[in-house]
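Inspection log for the structure reproduced underneath, given as structure tokens.
The values are calculated or read from the model by the stated rules, or taken from the named source; none is laboratory data. Nothing here was measured: the structure is a model prediction, and the numbers come from that model. Note that each Cβ is placed from the backbone with ideal geometry, even for glycine, and that neighbours are counted across all protein chains shown.
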Amino acid sequence: MIRRRTLLLTAPAILTATRSRAAETVKVGVMFPLTGNSAASGGEAKAGVEVAADIINTGHPELKGLTVGLTPGLSGLGGAKIEPIYVDHRGDPSMAQSLALKLITADKVAALFGAYHSSCALTATAVAERYGVPFVVADSVAGNITTRGFKNTFRVTPIASNFADSYMRFLKDQKKAGRRVEDLAIVNENTDYGTSVGDAIAAEAKKQGFPVSIRVPYSANGADVSAQVLQLKEKNPSVALFVSYASDAILFMRTMKSLDYVPPMIIGDSAGFSDPAFLPAVGGLAKGLVNRSVWSKGPEGSLSHGVNAIYQAKTGNEIGDVSGRCIQAFFVLADALNRAGSANPDKLRAALAATAMPHSAMIVGYRGVRFDETGQNAESATYLTQLQGKDYVTVWPDDAAAAKVQWPMTAWR
């Protein structure tokens with residue numbers, strides 16, 4: 001007899017028989033912005049999932065440390081393969097909501113995965129909760145994604161409060177080294193992502209004793225940021241922290257160049273500053289910029305180095321912050337499926353909640369993966385990188401650094 005489970009009165013029952021242990025493939029709905037202003041990041045995220053799925057389905061016994069992917073398929077499901085079903089939400093929260101519903105009711109996916117934009121993750125996870133389908137959040141960082149009491153949302157990435165803490169600890173280290181860190185500026189776009197991270201930075205700065213001389217919220221995807229740059233120029237803060245997607249990050253750097261102003265140091269909150277479009281567009285204007293990233297390739301023979309070689313062979317590029325977080329999160333989902341021995345959503349949810357992956361299984365800078373009662377990874381962490389030459393290199397913390405911090409940033413000068 002097929003068991004039916006209704007989470008809300010308005011939600012139709014989901015037939016678990018379509019996700020049986022005997023399935024030849026396990027379908028996972030993967031949503032990213034594949035067109036629009038964030039298409040480059042969405043494409044990088046998709047490439048990361050493709051590589052992770054290929055490693056799991058093909059088997060790579062040389063990647064010692066992985067909890068799945070050493071042998072072909074998911075051994076706990078009789079060698080079943082994972083089949084990602086990709087959809088493009090274009091950065092539109094309403095579209096993400098509709099696509100989540102389609103993936104669950106029409107495509108019969110075992111889980112959802114994504115979604116880059118926090119605003120899209122917010123709407124899509126609400127649909128997943130309504131239908132009782134687990135959603136693994138790979139790279140969306142707004143704090144409120146995991147503060148709604150949902151039981152089916154599991155976020156692997158660090159969040160706004162983690163980043164804010166890292167920024168303040170980094171700045172304390174720079175101040176101890178004799179660098180001028182007297183006041184901060186926070187520049188954030190005004191969607192869920194920018195507001196959440198901006199709020200977290202402001203709160204942590206106050207807690208750590210760093211005065212914020214100005215906060216500059218702005219409308220995302222605008223055509224002119226001259227007024228915002230002139231506000232910064234008037235205050236001339238020691239450090240400006242930017243929370244921006246790609247088109248805005250590029251526009252800010254070009255506008256600063258045209259107005260001949262740059263603060264002593266800019267810290268970018270990944271997103272637009274890690275977007276594949278950013279360095280080709282304005283890398284020459286941003287020399288010395290600091291950016292967060294969970295990714296560091298590591299030494300030859302390490303797990304991260306081995307996975308990077310596979311990614312590079314497929315894409316022609318090295319893993320970045322976005323692709324690194326997505327690969328790691330997809331491994332987490334596959335590990336839970338394997339332990340669940342089933343694509344049944346109840347069993348998968350229980351397996352995700354019981355996840356306890358060690359640091360040795362990480363390809364990124366997380367201490368491991370263990371979800372707290374809200375569904376947030378309690379072991380998440382990040383590095384800080386700096387644009388030195390043509391590429392970002394890890395500069396903090398010291399035990400992971402590949403180069404020394406260069407201060408102040410030189411920008412285009």
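The requirement of being at pLDDT 95 or above and surrounded by fewer than 16 Cβ atoms within 10 Å (Cβ to Cβ) is satisfied by G149.
Do we find a residue being in contact with a strand residue (DSSP E or B) (Cβ under 7 Å, 6 or more places away or on another chain) and part of a loop (DSSP other than H, G, I, E, B) anywhere in the stretch 294-315? Taking every residue of the stretch 294-315 in turn, at least one turns out to be in contact with a strand residue (DSSP E or B) (Cβ under 7 Å, 6 or more places away or on another chain) and part of a loop (DSSP other than H, G, I, E, B). If I ask for residues that are more than 17 Å from R339 (Cβ to Cβ) and among the aliphatic types (A, V, I, L, M), which ones from the stretch 349-390 would you list? Result: M362, I363, V364, A378, A381, L384, L387.
Residues in the stretch 299-327 that are hydrophobic (A, V, I, L, M, F, W, C) and more than 20 Å from Y116 (Cβ to Cβ) were compared, and the one that is farthest from the chain's Cα centre (by Cα) is A313.
A quick yes/no check of all residues on (1) in a helix (DSSP H, G or I); (2) at pLDDT 95 or above; (3) more than 25 Å from the chain's Cα centre (by Cα):
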site	(1), (2), (3)
L34	no, yes, no
N57	yes, yes, no
P61	no, yes, yes
I85	no, yes, no
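Residue count for the stretch 89-118 under the criterion of being part of a helix (DSSP H, G or I) and at pLDDT 95 or above: the result is 13. The strands (runs of 3 or more DSSP E) falling completely within the stretch 139-223 that include 3 or more residues that are over 21 Å from R367 (Cβ atoms), in contact with a helix residue (DSSP H, G or I) (Cβ under 6 Å, 6 or more places away or on another chain) and of a type outside the set (K, R) map to 184-189, 212-218. Just so you know, in the stretch 361-383 the residues that are touching a Pro at 6+ places or on another chain (Cβ under 8 Å) and in a strand (DSSP E or B) include one that is nearest to S323 (Cα to Cα), and it is Y383. Given the structure, is L352 within 19 Å of the chain's Cα centre (by Cα), assigned by TED's automatic domain parsing to the domain that holds S302 and among the hydrophobic types (A, V, I, L, M, F, W, C)? For L352, the condition - within 19 Å of the chain's Cα centre (by Cα), assigned by TED's automatic domain parsing to the domain that holds S302 and among the hydrophobic types (A, V, I, L, M, F, W, C) - is met. Whether any residue in the stretch 250-262 is closer than 25 Å to S140 by Cβ, of a type in the set (G, A, S) and either in the same structural domain as I186 (by TED's automatic domain parsing) or free of Cβ contacts under 8 Å to residues at least 60 places away in the same chain (or both) is what I want to check. For the stretch 250-262, residues closer than 25 Å to S140 by Cβ, of a type in the set (G, A, S) and either in the same structural domain as I186 (by TED's automatic domain parsing) or free of Cβ contacts under 8 Å to residues at least 60 places away in the same chain (or both): absent. If the condition is being under 11 Å from V322 (Cα atoms), among the hydrophobic types (A, V, I, L, M, F, W, C) and in contact with a Lys or Arg (Cβ under 8 Å, 6 or more places away or on another chain), then the stretch 270-294 contributes only V294. If you go through the stretch 309-325 and pick out every residue that is without any contact (Cβ under 8 Å) to a residue 12 or more places away in the chain and either charged (D, E, K, R) or crowded, with 19+ Cβ neighbours inside 10 Å (or both), you end up with 0.
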